[in-house]
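The structure under discussion appears below in the form of structure tokens.
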């Protein structure tokens, strides 16, 4: 048998046109398989660039993302396995807040500057769907009143979760120190970021990003009042909501 038979138009005995069709089908199946694997939100330690891009797309839409991590400690090469909230990215690495409050940097399989060299990451966003609401600054007489305000929003939109961001939240005349209040916030797991913006003898101001409402209910902060800057909230849903016209609902599937 000729390898290439130009007269008959065959390659290895197979009609050339049929061979082209087979190659195209194989390519399409491979491409489909690659997309399916991407949709699993699972990445190897050699795919940190893709993993960071995928996380940034989720973060931009207001998803709070937990990740499972497999790898090893860079210091002693002991095996590591755990989970945590992604709080930050830099070139080739993630900052992870663990359930015990510790913060780790997770790099790729060849990482050497971070705490963990990962062999596998799997993202698990808190919700499958989110939308965004942009609210004007508000004042509250106390912390409970602020929580009640957000609970009403969660109920109105029938959300499974409500993620809250404030460019600033100011506590007036708090009896506790700024560090104590920061520690209360920072001890919450389902919260991406909290930072002290400004402090004085009469008030202390923080910035908060993607704090889950039920987590905020775990603490109580005493003060003579609360002032906020602009508020951004993200109602989150396990199943696709029907919010009507005027709402853009982001889906994990659309962002993978």
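The values are calculated or read from the model by the stated rules, or taken from the named source; none is laboratory data. Since the structure is predicted, the reported quantities are computational estimates derived from the model, not experimental observations. Methodologically, a virtual Cβ is constructed for each residue, glycine included, from the backbone with ideal geometry; neighbour enumeration extends over all protein chains shown.
Residue-wise test of (1) part of a loop (DSSP other than H, G, I, E, B); (2) closer than 18 Å to residue 150 by Cα; (3) outside the structural domain of residue 97 (by TED's automatic domain parsing).
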{"site": "170", "(1), (2), (3)": "no, yes, yes"}
{"site": "184", "(1), (2), (3)": "no, no, yes"}
{"site": "189", "(1), (2), (3)": "yes, no, yes"}
{"site": "198", "(1), (2), (3)": "no, no, yes"}
{"site": "204", "(1), (2), (3)": "no, no, yes"}
{"site": "207", "(1), (2), (3)": "no, yes, yes"}
{"site": "214", "(1), (2), (3)": "no, yes, yes"}
{"site": "219", "(1), (2), (3)": "yes, yes, yes"}
Considering every residue within the range 20-35, establish whether at least one is at pLDDT 50 or above and either over 23 Å from residue 92 (Cβ atoms) or exposed (fewer than 12 other Cβ atoms within 10 Å of the Cβ) (or both).
yes
Return the pairs, sorted by first residue and then second, in which the second residue is part of a helix (DSSP H, G or I) and surrounded by 15 or more Cβ atoms within 10 Å (Cβ to Cβ), the first residue lies in the range 137-149 and is in the same structural domain as residue 170 (by TED's automatic domain parsing), the beta carbons are less than 6 Å apart, and the residues are 6+ apart or on different chains.
140/146
Within the range 206-218, restricting to residues that are out of contact with any strand residue (DSSP E or B) (no Cβ under 6 Å at 6 or more places or on another chain) and touching a residue at least 60 places away in the same chain (Cβ under 8 Å), the one that is farthest from residue 195 (Cα to Cα) is 217
When the range 139-150 is examined, which residues are found to be in contact with a helix residue (DSSP H, G or I) (Cβ under 7 Å, 6 or more places away or on another chain) and under 29 Å from residue 242 (Cα atoms)?
147, 150
Name, by its number, the condition in (1) more than 30 Å from residue 174 (Cα to Cα); (2) in a helix (DSSP H, G or I) that does not hold for residue 120.
(2)
Restricting attention to the range 221-240, which residues are out of contact with any helix residue (DSSP H, G or I) (no Cβ under 8 Å at 6 or more places or on another chain), surrounded by fewer than 19 Cβ atoms within 10 Å (Cβ to Cβ) and under 22 Å from residue 149 (Cβ atoms)?
224, 225, 227, 229, 230, 232
Is one or more of the residues making up the range 98-111 part of a strand (DSSP E or B), loosely packed, with under 11 Cβ neighbours inside 10 Å and either at pLDDT 95 or above or within 20 Å of the chain's Cα centre (by Cα) (or both)?
no
Which count do you get for residues in the range 131-148 that are under 25 Å from the mean Cα position of the chain (by Cα), surrounded by 15 or more Cβ atoms within 10 Å (Cβ to Cβ) and not in a strand (DSSP E or B)?
4
